[in-house]
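Below is one structure, written out as structure tokens; the observations come after it.
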Amino acid sequence: MASGDEKYRSLLRGDEEKNTKWRFGVPPNYDVVNKLFEEERTNVWPVGSLEERVQSLVKNFEMEMFHKISTTDFRTIDLNKFTFCLNGRKPLSIEETSKLGGYNPFLQTSIPEEYRYYNAAKETAASSHQAFTATFPRGFALEIIQVYSGPPDIVFKFRHWGYMEGAFKSHAPTGERIEFFGVAIFKVNENDIILGVEFFFDPGELLGKLMKGPCLDGSVEKAVSSCPILRNTGTESNT
């Protein structure tokens, strides 16, 4: 990737990341998902606006979370104070969050294990990355919809979306746009270094949409039909 061409993740520009240890061996290339983002975003925030600053902060944060192996290479967070929290669960340290890796911190659940079609506790950063990149070959875009309050406690609404043009686990692709919305709180210091994040959204809504395609393994369908969480995502009536 020509790092100077990256528009939305400033940390990938220049030479400051030349010694970074990348999870997949090389710096990430966001050209494909940037194209989707630019074609289908609902807002074009003015450069320098609070919304644009928050969007940049979140994109840089997610880039580090997904692609950096060593936490000492993280530049968006305070390593000594950072915590990650999903839907009011027990906060995780940066070491715990990084160990889960990939999408897994965002897909934690209290559903009994026998009903977990995607079990974040057993997936790795690599398997998580492989599953979602195969499912969304055009990427899984992120935009900030609205910022409710500025620093030090940044509260915002976000949207994630992509097109299911590849299989997810044993479920066939549907070609449909898969999207979900959520709210997050980023606590930052005076230099916009992140001290803690809290995300609020329904992981079951995302997973339910990814399970709409035909499945070759009937045992999964049986688990979905008997699970009160996934059953209410609309999955059962579409399989």
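The values are calculated or read from the model by the stated rules, or taken from the named source; none is laboratory data. Everything numeric here is computed off the predicted structure, so don't read it as measured data. Using ideal geometry, Cβ is built from the backbone for each residue, glycine included, and neighbour counts are taken over all protein chains shown. The protein model used for the area step is the full one, side chains on, heavy atoms only, and it has no ligands, DNA or RNA in it. Shrake-Rupley method; radii C 1.70, N 1.55, O 1.52, S 1.80 Å.
Side notes on the structure shown:
- Gaussian network model of the chain, Cα within-10 Å springs - most flexible of Ser98, Ser56, Ser70: Ser70
- Mean Cβ neighbour count within 10 Å, used as a protection proxy, ranking 80-88, 59-67 highest first: 59-67, 80-88
- Taking Lys187, Lys99, Lys18 in turn, the Gaussian network model of the chain (Cα-Cα springs below 10 Å) assigns the largest fluctuation to Lys18.
- Among Ile94, Ile185, Ile111, residue whose mean-square fluctuation peaks in a GNM of the chain (springs only between Cα atoms under 10 Å): Ile111
- Here the Karplus relation 6.51 cos²θ - 1.76 cosθ + 1.60, evaluated at θ = phi - 60°, turns the backbone of the range 138-147 into coupling constants of 8, x, 10, 6, 10, 9, 8, 7, 7, 10 Hz, with x for every Gly and Pro.
- Computed over the chain: relative contact order in percent, which uses C-alpha pairs under 8 Å that are six or more apart: 16 percent
- Virtual spin-label span in nm between Asn80 and Asn19, 7 Å along Cα→Cβ: 2.1 nm
- Put Asp153, Asp31 in order of accessible area, highest first, and with a 1.4 Å probe you get Asp31, Asp153.
- Rounded to 10°, Cα long-axis angle of helix 31-40 versus longest principal axis of the chain: 80 degrees
- Around Gly101: net Lys/Arg minus Asp/Glu count, Cβ-Cβ under 9 Å: +1
- Based on the Kirkwood approach, the hydrodynamic radius assigned to the chain is 18.7 Å, with every pair of different Cα atoms included.
- Annotation: amide H-H contacts under 5 Å for Gly101 (H modelled 1.01 Å from N, sequence separation of 5 or more, or interchain): none.
- Mean Cβ neighbour count within 10 Å, used as a protection proxy, ranking 38-45, 172-179 highest first: 172-179, 38-45
- FRET E, pair Leu195, Ala172, Förster distance 30 Å, beta-carbon r, rounded to 0.05: 0.10
- Computed from backbone phi with θ = phi - 60° and the Karplus coefficients 6.51, -1.76 and 1.60, the 3J(HN,Hα) list for the range 60-74 is 5, 4, 5, 4, 5, 4, 8, 10, 9, 7, 8, 5, 5, 8, 6 Hz; x is used for glycine and proline.
- Pairs exceeding 30 Å between alpha-carbon atoms, taken from Lys35/Lys81; Lys18/Lys212; Lys68/Lys90; Lys7/Lys90; Lys35/Lys169; Lys35/Lys122: Lys35/Lys81; Lys18/Lys212; Lys7/Lys90; Lys35/Lys122.
- Estimated from helices alone, the mean residue ellipticity of the chain at 222 nm is -8000 deg cm²/dmol (sum of -39500 (n - 2.57) over DSSP H runs with n ≥ 4, per residue).
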